[in-house]
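Read the structure below first, then the notes.
Coordinate-derived values only; no laboratory data. Given the structure is predicted, the values throughout are model-derived calculations rather than measurements. All Cβ positions, even for glycine, are placed from backbone atoms using ideal geometry, and neighbour counts span all protein chains on display.
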């Protein structure tokens, strides 16, 4: 599998950033999390005047064999239909990205559909959906390697074009089930606490989903390492997102972390390279059951809690203006000295 070199950013600049923030025309700490964001981004970029360049949301789409077992109220074909919706500009992520000035890239990581040669769809299809992890491994070793490499390649292309801040979204009917299984296996948090309503299951549907996921864990038994877990229960879009996040951290880009499913891709990435945390901003806490516990496990504090549970990168796109504001106050807000304002005694 592709190897990554991810190093924690140097901290020597931290004191200078804190001094610059503290001498803005405000009481110390008055901008709360914005001050922490400004400091984090300055450290990532090793700059007292950081910039955000070509913010982009990369949406990975893939199908899951487990969806055919009844874990979602929606049929599998919704995945490819939503991909077309992304390309036509009609999805929530399109609206929020347009509103807040982010570009969108849509990736076919493994949708169970033959798309025409669509100019705005990046075809990195590994296979037409994963196998059902109810009775076999979802992915092969080769597919894992291909996904990680493809995700890394997409990020490298964007980085070479000037992007230094990137968000990742996903689409795939059944992928909250895969995410719940990944959370359970990687963290040890119970399957019940890791499993939620996904695309809107009622109580009976949630019980059915949980029972199916329990059968998955009974079939696979105890999984002891990263490769085993990913092969058993991951998805093409989740694994590709994992590789993309790792490459973004290697490139010292800012990672805008979206909701539950993206967070499980991040969880997998962090198991390989814990240093990825230094480059990551948790944008929101999803309304999906388990996301709060997962963020606590990862020791990440979300910027927003809006009860959203859509995926697609929507939480990251909504949070982007807050990140932008943090950089702008650092760069544009007057200091006590430049404004001629008396500072604290």
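Which of rounded, prolate or oblate describes segment 56-322 when judged by the alpha-carbon gyration tensor and an a/c cut-off of 1.5?
rounded
Rounded to the nearest 10 degrees, what's the angle between the helix 141-160 long axis and the longest principal axis of the chain, both from Cα atoms, 0 to 90?
30
Ranking request for peptides 273-284, 297-308: highest mean number of other beta-carbon atoms within 10 Å first, then the rest in descending order.
Packing proxy ranking, top to bottom: 273-284, 297-308.
Please say if segment 39-95 is rounded, prolate or oblate, where rounded means a/c under 1.5 for a ≥ b ≥ c the square roots of the C-alpha gyration tensor eigenvalues, and otherwise the choice is prolate for a/b larger than b/c and oblate otherwise?
prolate
Calculate how steeply helix 236-250 sits against the longest principal axis of the alpha-carbon atoms of the chain, using the helix alpha-carbon long axis, and give the answer as 0 to 90 degrees to the nearest 10.
For helix 236-250, the angle is close to 30 degrees.
Kindly express, to the nearest 10 degrees and within the range 0 to 90, the angle between helix 33-45's C-alpha long axis and the longest C-alpha principal axis of the chain.
Tilt of helix 33-45: around 80 degrees.
Looking at the chain, what % of its DSSP beta bridges pair antiparallel, to the nearest 5?
Within the chain, antiparallel bridges account for around 5 percent of the total.
What ranking, highest mean first, results for peptides 262-269, 155-162 when packing means the other Cβ atoms within 10 Å averaged over each residue?
The densest-packed peptide leads the list: 262-269, 155-162.
State whether segment 222-295 is rounded, prolate or oblate according to the following rule on the C-alpha gyration tensor (a ≥ b ≥ c being the square roots of its eigenvalues): a/c under 1.5 gives rounded; otherwise a/b larger than b/c gives prolate, and the remaining case gives oblate.
Because a/c hits 1.5 or more and a/b fails to exceed b/c, segment 222-295 counts as oblate.
Given the DSSP H assignment, sum -39500 (n - 2.57) over each helix run of at least 4 residues in the chain and divide by its residue total; what's the result at 222 nm in deg cm²/dmol, nearest 500?
-14500 deg cm²/dmol
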